[in-house]
Amino acid sequence: MENISVVIVTFHTPKDIILNCLKSINRNIKIIIVENSENFENKDLILSQFENVKILCSGKNLGYGSGNNLGLSEVKTDYALVLNPDTICDEKLFDNISKTIIEANDFSVIGCQYLDEDKFMPAGFFDDKKNKEFIKKFKENNIDDLTKVEWVTGQSMLINLKKFKNTKIFDENFFLYFEEFDLCKSLILKGENIYTSKKLKIKHLGFKSSFEESSIYKTSINRLKEWHWMWSTFYFYKKNYSYFHALKKVIGKFFKALLKIFFYSIMFNKKEKEKYKYRFLGIYSAILGHPSSFRDNLD
């Protein structure tokens, strides 16, 4: 375990959420927290309870990829587990990580699976046919303990740093969404190995990583999510396939958003109108080649 570190990127994460995450991590594991702002409100409390934690403040909201890159640049071990703060580790996770590293041997990334969530797939394939076959086998529990895949989700992924020339592992053009899929796509194109492991389990609370429950910031958080979901979708397909492939992927959503804006305007539904407005603006900015700069004052 002395050769494994954990990197957690936070953004005004509620105290109970981050504490529950930290308590679930083996105390022999080095932990680096990157707070994506100027100040980590619970710094003194956490440092008083966890001697294995180091805290960095980025000074501004870097997003998922850049925040993790900053944390990974401080890692001195060969392996890093990237964790979202709204995750709770299975009590056997770190013992099983040590065993899985030996079993997998030649790997770049290994993704964890969920303890009690079946709404989202923890891994899969970029090819639709292969992905459907995998989903069927996965839901039937008919896959190996360690299964080779093409992508894993980013809330819990073990990274073999020996496979990377530098710690800028994630594409920093992304701010939110698709960073892990882009990383996995680049690794697959290089012939590297990506796995999902039944033995590596986490509980994912979902959308609890920041202060979004606060009424003060909830509107801005929702705008951020809608805008960047669309921007990142287009950028991912443009980067990894082509501009026209990306356009094909989002053009339906582009016109749907326009129609929804009009519809919810005449229905006086401000909440839904705003959702589709920011989806439209995200797609529009991506099509024009603008950077993922939208923050809505959440820096």
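In the range 76-86 there is at least one residue matching the filter, namely being buried (at least 22 other Cβ atoms within 10 Å of the Cβ), of a type in the set (Gly, Ala, Ser) and within 13 Å of ILE4 (Cβ to Cβ). Kindly evaluate ASN68 against the criterion of being assigned by TED's automatic domain parsing to the domain that holds ASP171 and buried (at least 22 other Cβ atoms within 10 Å of the Cβ). Spelling it out, ASN68 is indeed assigned by TED's automatic domain parsing to the domain that holds ASP171 and buried (at least 22 other Cβ atoms within 10 Å of the Cβ).
Taken over the range 123-148, residues that are farther than 21 Å from SER186 by Cα and of a type in the set (Asp, Glu) amount to 4. Residue count for the range 37-52, restricted to those that are at pLDDT 95 or above and under 21 Å from the mean Cα position of the chain (by Cα): 0.
Residues are listed down the side, and each one gets a yes or a no for (1) buried (at least 20 other Cβ atoms within 10 Å of the Cβ); (2) farther than 30 Å from LEU189 by Cα:
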| position | (1), (2) |
| --- | --- |
| TRP227 | yes, no |
| TYR241 | no, no |
| LYS249 | no, no |
| GLY252 | no, no |
| LEU259 | no, yes |
| TYR264 | no, yes |
| PHE268 | no, yes |
| GLU272 | no, yes |
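Listed here are the helices (runs of 4 or more DSSP H) enclosed by the range 23-132 that have at least 1 residues being touching a residue at least 60 places away in the same chain (Cβ under 8 Å): 63-72, 93-104. In the range 279-299, is there at least one residue being assigned to a helix (DSSP H, G or I), of a type in the set (D, E, K, R) and outside the structural domain of ASN69 (by TED's automatic domain parsing)? Checking the range 279-299: at least one residue is assigned to a helix (DSSP H, G or I), of a type in the set (D, E, K, R) and outside the structural domain of ASN69 (by TED's automatic domain parsing). What number of residues within the range 115-129 are at pLDDT 95 or above and in contact with a strand residue (DSSP E or B) (Cβ under 8 Å, 6 or more places away or on another chain)? Residues in the range 115-129 being at pLDDT 95 or above and in contact with a strand residue (DSSP E or B) (Cβ under 8 Å, 6 or more places away or on another chain): 5 in total. When residues in the range 44-61 are screened for being out of contact with any strand residue (DSSP E or B) (no Cβ under 8 Å at 6 or more places or on another chain) and aliphatic (A, V, I, L, M), 1 of them pass. When residues in the range 160-210 are screened for being hydroxyl-bearing (Ser, Thr, Tyr) and assigned to a helix (DSSP H, G or I), 1 of them pass.
The values are calculated or read from the model by the stated rules, or taken from the named source; none is laboratory data. Because the structure is predicted, anything quoted here is derived from the model rather than measured. FYI the Cβ positions are ideal-geometry reconstructions off the backbone, even for glycines, and counts take in every protein chain you see.
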